[in-house]
Amino acid sequence: MFSSNEPSTSKSIDHVSVTVVRKSDGHSMTFVLDEKTHIHNLKQELKRRLKPRYEQGCRLIFRDKVLKGKHTLKHYGIKKGVNDQAISMDDTKDCKTSSSSSSDSEHEK
């Protein structure tokens, strides 16, 4: 006896649960995001909510790959239905020269 609107509420947006663990102290935070979220958007949210030790930010690492800002979560295999979606936030050194920072600055141009 549910209304016929029920199927229309489940649009094609696939949300994923992602846990980000800060390497410097082990503190973690879980986010529920659209799998099409760009890495640079996640990094901006992390700077607000799980501040890295250095102003320049941090590198995000998933399955031994440095995540680049121009790509989406799904690009790296972080998608609905996949287990073990922990991302490591490496803030143990100043990452202003890292590859992830360079891709973020390219996006701003």
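Each value in this text was obtained by applying a stated rule to the coordinates, not by laboratory testing. It should be emphasised that the depicted structure is a prediction, and the values quoted were computed from it without experimental measurement.
Summary of values
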| read-out | value |
| --- | --- |
| Long pairs among Lys23/Lys47; Lys65/Lys93; Lys47/Lys68; Lys43/Lys80; Lys36/Lys80; Lys43/Lys79, criterion Cα-Cα beyond 22 Å | none |
| Net lengthening on full extension, Arg48/Lys70 (0.36 nm per residue, minus Cα-Cα) | 6.0 nm |
